[in-house]
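Here's the structure, in structure tokens; my notes come after.
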Amino acid sequence: MVNSEFSRRAGIAAVVGAIALIANRAFAQQNPPPASPPHVPPPHVPPEVIRERERILNEAERRLGEARELLFRAGHEYGGHRMRAIQMVDGAMAEINVSRRFLV
């Protein structure tokens, strides 16, 4: 009974997270960030700051992997929203991998 309650809560949390991601993407598309002037060199970033940023990205990727695993084990489709949430987690993981190019 506890596992089914946990799975239900995990599924609900994943759906809520997916909705937040969709809303965030919609907002970002409506309000793109201003482009940086091409002639401005990137500032020097100390190595310890880069390591901390990388640690944060690794932790985010790990937690997304855990969320993805929970979604797979949820065992119910939730009207197709479970698969959509899994796809959004996959998309978030891909964004993290792309963002690694911008650590410096």
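Things to note:
- Residue order, fewest to most surrounding Cβ atoms within 10 angstrom, among Leu103, Leu71: Leu103, Leu71
- Sorted ascending by nearby beta carbons within 10 Å, beginning with the fewest, His76, His44, His81 become His44, His76, His81.
The numbers here are math on the coordinates, done by the rules we state, and not lab data. Every value quoted in this text rests on a predicted model; they were computed, and no experiment measured them. Note: ideal-geometry Cβ built from the backbone for every residue, glycine included; neighbour counts use all protein chains shown.
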